[in-house]
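Structure first, then comments.
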Amino acid sequence: MGSKESKAAKGEATGAIFKIYSNGVKTNRDAWAYNFNPDELAANIQRIIATYNEQTRKWLDCPDKSANVDDFVTYDDAKISWSSTLKKYLQQGVIVEYDQNHIRQSLYRPFTKSRLYFDAYLNDRCGQFPYIFPTPETEKENRVICVVNEAQIPFSSQITNYIPCLHYGGRQTQCFPFYTYDKDGSNRQENITDWAVDAFREEYQNPAISKWDIFYYIYGLLHHPTYREKYADNLKREIPRIPYAPDFESFAKAGKRLAEIHINYEQQPEYPLKFIENDEVPLNWRVEKMKLSQDKTQLIYNEFLTLAGIPPKVFEYRLGNRSALDWIIDRYQVKIDKRSGIENDPNRLDDEEYIVRLIGQVITVSLETVDIVNNLAALE
């Protein structure tokens, strides 16, 4: 899919499908840089910036610049989370300004959107994402195929139109965008190489194959069980390689549909679960921590509500070590970071039924994904 040589040659080298690719964003301070609530995120970021700038000004006023910066800075987990890069900026005298426009939508975990403070100073590594999703407007048209391929967990792939976290699927993520841009969002460029287009057209003797066709073909192929089994050892240690399947068109069509439901999962119909309500407590849509029943047919949503009738097939759609539904259960709970005391609450005051609706939608997406994958054409 990509190579260091192609990245260095800006796509002019042969043998790679994508010109550039990138790790997901690495913040080194997720509790601070991510939050479901944009107002809470803003408050957390302004607190860390105020503390950092205060420490930087003290450093600038310090006559002994040979002092050990590790001994110089204050360590207050409720005010700041240091990293080596942030200390480097302090030593350089960089003053950081808060910018509301840096609060962006992000894919933090599978089917889990979160707000991210996307910033060159407060994110340890932004990768190529200043050129992939430089502005919110680019989210409307750009698509990124993310893959998690490490030895510790099974290979997985998810497409997104938002900035993904480095560990979106539990481990380090490599991301392959369709478009790239300048930092201001201008100068849109297709990221699939002309060499790849020529290679696919020649292989299938079809001059009408487009770059979008290739993009969706890849996404479909990455879900094929035979592909994942046959190349399991390779997928644990290197960027995926893409073989020519006998039936290009069917894989491209399947990949396009998978992309549609994986990106637009919040617009899919809700699976008809049975709502079992506890009449002894008031109606309540708030989630603290959900739990599956032992047989996994019911989800205890809260004290008021249990969702019944979960089909077993839903757990066949897995991203790494968890099913898509398991990811929702794990991420959509109220969490308090032990070190900083920061609370991350997924409940929406302006849309109280969002989480229960999301559960039904992710079940629908999971079931259709399993059906699509099971009906993919055979690989030689």
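The values are calculated or read from the model by the stated rules, or taken from the named source; none is laboratory data. What you see is a predicted model; the values in this text were computed from it and never measured. Glycine gets a Cβ as well: all are built from the backbone with ideal geometry, and neighbour counts include every protein chain shown.
Of note:
- Under the condition of being free of Cβ contacts under 8 Å to residues at least 24 places away in the same chain and farther than 13 Å from TYR162 by Cβ, the residues counted in region 120-140 number 1.
- Meets criteria (in contact with a Ser or Thr (Cβ under 9 Å, 6 or more places away or on another chain), in a loop (DSSP other than H, G, I, E, B) and more than 30 Å from ILE45 (Cα to Cα)) for ILE276: no
- Residue list for region 325-380, restricted to those being without any contact (Cβ under 8 Å) to a residue 60 or more places away in the chain, assigned to a loop (DSSP other than H, G, I, E, B) and in contact with an Asp or Glu (Cβ under 8 Å, 6 or more places away or on another chain): GLN333, VAL334
- Qualifying positions in region 285-313 - in contact with a Leu (Cβ under 8 Å, 6 or more places away or on another chain), surrounded by 14 or more Cβ atoms within 10 Å (Cβ to Cβ) and assigned to a loop (DSSP other than H, G, I, E, B): TRP285, MET290, TYR301, PHE304, GLY309, ILE310, PRO311
Quick grid of which residues meet (1) outside any loop (DSSP other than H, G, I, E, B); (2) under 19 Å from LEU116 (Cα atoms):
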site: GLN46; (1), (2): yes, yes
site: ALA50; (1), (2): yes, yes
site: ASN53; (1), (2): yes, no
site: LYS58; (1), (2): yes, no
site: PRO63; (1), (2): no, no
site: ASP71; (1), (2): yes, no
site: TYR75; (1), (2): no, no
site: TRP82; (1), (2): no, yes
site: LEU86; (1), (2): yes, yes
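- Meets criteria (of a type in the set (A, V, I, L, M, F, W, C) and closer than 25 Å to ASN37 by Cα) for ILE328: yes
- Within region 87-108, considering residues that are in contact (Cβ under 8 Å) with a residue 40 or more places away in the chain and hydrophobic (A, V, I, L, M, F, W, C), the one farthest from CYS146 (Cα to Cα): ILE95
- Residue in region 316-324 that is among the acidic types (Asp, Glu), without any contact (Cβ under 8 Å) to a residue 24 or more places away in the chain, under 24 Å from LYS256 (Cβ atoms) and outside any loop (DSSP other than H, G, I, E, B) present: no
- Considering region 161-184, the residues that are within 13 Å of LYS19 (Cα to Cα) and touching a Pro at 6+ places or on another chain (Cβ under 8 Å) include one that is modelled with the highest pLDDT, namely TYR181.
- Tally of residues being crowded, with 20+ Cβ neighbours inside 10 Å, over 16 Å from THR306 (Cα atoms) and out of contact with any helix residue (DSSP H, G or I) (no Cβ under 6 Å at 6 or more places or on another chain) across region 327-357: 3
Conditions (1) farther than 30 Å from TYR244 by Cα; (2) hydroxyl-bearing (Ser, Thr, Tyr), marked per residue:
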residue	(1), (2)
HIS262	no, no
GLN268	yes, no
TYR271	yes, yes
LEU292	yes, no
ASP295	yes, no
ARG348	yes, no
GLU352	yes, no
ILE359	yes, no
SER366	no, yes
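- Of all positions in region 244-253, at least one carries a residue that is crowded, with 19+ Cβ neighbours inside 10 Å, assigned by TED's automatic domain parsing to the domain that holds GLU141, touching an Asp or Glu at 6+ places or on another chain (Cβ under 9 Å) and part of a helix (DSSP H, G or I).
- Unique residue being within 24 Å of LEU107 (Cα to Cα), touching a residue at least 12 places away in the same chain (Cβ under 8 Å) and β-branched (Val, Ile, Thr) when the list is ILE242, ILE263, ILE276: ILE263
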